[in-house]
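What follows is a set of notes on a single structure, which appears directly below.
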Amino acid sequence: MNRLLRLAIGVAILCPLLAGAQAWPSKPIRLIVPVPAGAGPDVDARQITARLTPLLGQSMFVENRPGAGTRIAIEAAAKSAPDGYTFLLATPGFVTAPSLYANLPFDGKRDLVPVSLLSTTAYALTVNAAVPAQNVAAFIALAKNNPTFAQTATYGIGTLPHLAGAWFASISGADLKFIHYNTTPPFNDLLAGQTSAIFDAMLPVIGNVKAGKLRMLAISGTKRQPMAPDVPTFAESGMAGFDPTVWVGVLAPAGTPQPIIQRMSAALAQVAKSAEIIGFRRDVGSDSVGSTPEEFGTFLDAERAKWGKVIQSMSLKLE
């Protein structure tokens, strides 16, 4: 009798959830984005949401929640109702935050579940054109022997350019001196020669590389990029294992019905694998993915382990 009673209760709870999932979506869907309007992930989000509307039969709108190294957006999504009408556009800050901050108001792995990895983007080591280094080995030698060439710009302490630079330094032995630009863009000083290098995605630097003002020495990933086919990978440059990657993916509040997760994942994958989106991302130095939830979960675990090890080696903790 107890077993039958438990079964009846379970069915009573499950039926409304399944009914809701089958009717989903019946109203517009919110995508929380952790950067300001116009920033790279926001542009990507708007490309995706515009193409999801005809697939889902409802509009999907972007809600920008920038600040605190993406933690504001993550917390907002983690504390949202798991009803299929709120999703989070996640970036690498999602996996670095737990290692960087001791007291977070959320647990990313517990409170949010993977839906789909949308894209990955190669990271580049870029130097001012006046830096007398044509390759990674020459840059390492310069940085070791002359502090002037070790001046490396970042977007702030704990940002991915800072973590990537620290990882590079730990592998190469170059004693990089980080200059943190928390509220202003780092590129004016890089172009002026006040700093010598930056670790960043290709898109922010490629224009000045083509203009001859900056020089890209190497990129992450397993293959060269069409935007800069003459630039070798870090592996080709003798730094196998150094692979900082920018990525964008979608997560949902834990407890969101699985049929909704699966349908959203399939729709995101369909958009990501369309010729139009593949071309758009190729033009900005990215690879379009469109994964399953399980594949994205495996990817996130690997990213957590990778950056957790880097951050631990730096003994870096932020408040």
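The values are calculated or read from the model by the stated rules, or taken from the named source; none is laboratory data. Everything numeric here is computed off the predicted structure, so don't read it as measured data. Every residue, glycine among them, receives a Cβ derived from its backbone with ideal geometry; neighbour counts consider all protein chains shown.
Residues to consider are Val271, Val248; find the one that is under 23 Å from Pro41 (Cβ atoms), buried (at least 19 other Cβ atoms within 10 Å of the Cβ), aliphatic (A, V, I, L, M) and in contact with an Asp or Glu (Cβ under 7 Å, 6 or more places away or on another chain).
On the way: Val271 fails: in contact with an Asp or Glu (Cβ under 7 Å, 6 or more places away or on another chain).
Selected residue: Val248, the only one of Val271, Val248 that is under 23 Å from Pro41 (Cβ atoms), buried (at least 19 other Cβ atoms within 10 Å of the Cβ), aliphatic (A, V, I, L, M) and in contact with an Asp or Glu (Cβ under 7 Å, 6 or more places away or on another chain).
Residue check, Thr256 against (1) among the β-branched types (Val, Ile, Thr); (2) surrounded by fewer than 19 Cβ atoms within 10 Å (Cβ to Cβ); (3) farther than 27 Å from Phe187 by Cα, all met but one. Which one?
(2)
Please determine whether any residue of the stretch 146-166 is of a type in the set (Gly, Ala, Ser), under 25 Å from Pro229 (Cα atoms) and not in a strand (DSSP E or B).
So the first thing to find is which residues in the stretch 146-166 are of a type in the set (Gly, Ala, Ser), and the list is 150, 153, 156, 158, 164-166.
Checking the rest, the ones that are also under 25 Å from Pro229 (Cα atoms) come to 153, 164-165.
Adding the requirement that they be not in a strand (DSSP E or B) leaves 164-165.
Yes, the stretch 146-166 contains at least one residue that is of a type in the set (Gly, Ala, Ser), under 25 Å from Pro229 (Cα atoms) and not in a strand (DSSP E or B).
Is there a residue in the stretch 22-38 that is among the basic types (Lys, Arg), at pLDDT 95 or above and out of contact with any Ser or Thr (no Cβ under 8 Å at 6 or more places or on another chain)? Spell out how you get there, then give the answer.
Within the stretch 22-38, the subset among the basic types (Lys, Arg) is 27, 30.
This time we only want the ones that are at pLDDT 95 or above, so: 27, 30.
With the extra rule that they be out of contact with any Ser or Thr (no Cβ under 8 Å at 6 or more places or on another chain), the set shrinks to 27.
Within the stretch 22-38 (the criterion being among the basic types (Lys, Arg), at pLDDT 95 or above and out of contact with any Ser or Thr (no Cβ under 8 Å at 6 or more places or on another chain)), the answer is yes, since at least one residue qualifies.
Quick check on Leu125: is it in a strand (DSSP E or B), on the phi < 0 side of the Ramachandran plot and either without any contact (Cβ under 8 Å) to a residue 60 or more places away in the chain or among the hydrophobic types (A, V, I, L, M, F, W, C) (or both)?
yes
Among what's in the stretch 278-298 and is in a loop (DSSP other than H, G, I, E, B) and among the aliphatic types (A, V, I, L, M), pick the residue that is nearest to Ser220 (Cα to Cα).
We begin by selecting, within the stretch 278-298, every residue in a loop (DSSP other than H, G, I, E, B); these are 284-285, 289-292.
Now narrow it down to the ones that are among the aliphatic types (A, V, I, L, M): 284, 289.
Details: Val284: 15, Val289: 17 Å.
Among residues in the stretch 278-298 that are in a loop (DSSP other than H, G, I, E, B) and among the aliphatic types (A, V, I, L, M), the one nearest to Ser220 (Cα to Cα) is Val284.
Among the residues of the stretch 264-272, is any without any contact (Cβ under 8 Å) to a residue 24 or more places away in the chain and out of contact with any helix residue (DSSP H, G or I) (no Cβ under 8 Å at 6 or more places or on another chain)?
First, the residues of the stretch 264-272 that are without any contact (Cβ under 8 Å) to a residue 24 or more places away in the chain: 266.
Checking which are out of contact with any helix residue (DSSP H, G or I) (no Cβ under 8 Å at 6 or more places or on another chain) leaves us with 266.
Yes, there is a match, as at least one residue in the stretch 264-272 is without any contact (Cβ under 8 Å) to a residue 24 or more places away in the chain and out of contact with any helix residue (DSSP H, G or I) (no Cβ under 8 Å at 6 or more places or on another chain).
Go through the stretch 175-189 residue by residue and tally those that are surrounded by 17 or more Cβ atoms within 10 Å (Cβ to Cβ) and within 23 Å of Pro41 (Cα to Cα).
Final tally of qualifying residues: 3.
Output the residues belonging to the stretch 150-165 that are among the small types (Gly, Ala, Ser) and either at pLDDT below 95 or touching a Lys or Arg at 6+ places or on another chain (Cβ under 8 Å) (or both). Steps first, please.
First pass over the stretch 150-165, keeping only residues among the small types (Gly, Ala, Ser): 150, 153, 156, 158, 164-165.
Ala150, Gly156, Gly158, listed by residue number.
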